[in-house]
Amino acid sequence: MTDRRPAVVALLVASLALAGCAELFDFPAPSPAVSGGPSASPSSEPTLPPARAPIPGSTSGAVIPTDCRALVSQEVYEATFGEVPLNDPDAIATGEVGVQQPTEPPEGADVQETIESQTQLACLWRQPEADITYLWASVAIVDPLLGGQFMREREAEGFTCVQVHGGERCQLIRPNEMYPVDEGFTHFLRDDVYVYVGQANLVTDDLLGDIVAQVWGDAAG
């Protein structure tokens, strides 16, 4: 499946499939280190605003952050990203990041395009000089039936799908075609909220569980 996300993703790797990461994040340490990869040292001035508001159109009681820095807890943010730049203009080719306005899908849109058009928050952590190190996360409100269809399509493509954190997670980990590191891809659907995370060469530990805790206010297992 070819990723048709904005050229933000195309810049990161020559060929990316739309997918997420080990236990969205019991992601193994990269092998070997790739030039430009950052170290996740704690930020000296962590400012993680609790910017949250009810998600328009959601019937699940979910709450979406209005700042990418609040998508995960402060402790997890510091451990995962440290000082890795967030939404750095120099690391982005084209495409939107930050708070998004859902749009009408293009005429004849397929399931993927329809879901992407409903994105309400998109975040990119990446060093501008890094070849492959990145983490992309986005949140969208989707029709649950359409979301279910999308997840079945991922399963048919070889993603491993399980019930976790109160919803369904489909994920795939594969070697990058250009660099000696693995890429992880995760899709998560709970009620009418869809979360996507793609990453490479950036170690995380159950990041999805922390995102769930921020969006739904719980840590459903």
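No value in this document is a laboratory result; all are computed from the given coordinates. Since the model is a prediction, treat every value here as computed from it, not as a measurement. Cβ atoms come from the backbone with ideal geometry, glycine included; neighbour counts cover every protein chain shown.
In table form, for the structure just shown:
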| item | result |
| --- | --- |
| Residues with amide H under 5 Å from that of Tyr134, placed H, sequence gap 5 or more | Ala200, Leu202 |
| Test item: Cα-centred dipole of the stretch 90-157, Lys/Arg +1 and Asp/Glu -1 on Cβ, debye | 260 |
| Label zone at Ala213, where the point sits 7 Å out along the Cα-to-Cβ direction: the stretch 143-166 residues whose backbone N lies under 19 Å | 164-166 |
| Theoretical FRET efficiency, 1/(1+(r/R0)^6), r = Cβ-Cβ of Met178 and Gln149, R0 22 Å, to 0.05 | 0.10 |
| Per-residue ³J(HN,Hα) for the stretch 110-118, Karplus 6.51 cos²θ - 1.76 cosθ + 1.60, θ = phi - 60°, Hz, x for Gly and Pro | 8, 4, 4, 5, 5, 5, 4, 5, 9 |
| Extreme residue, positive dipole direction of the stretch 69-184, given options Pro102, Val164, Thr119 (C-beta unit charges) | Val164 |
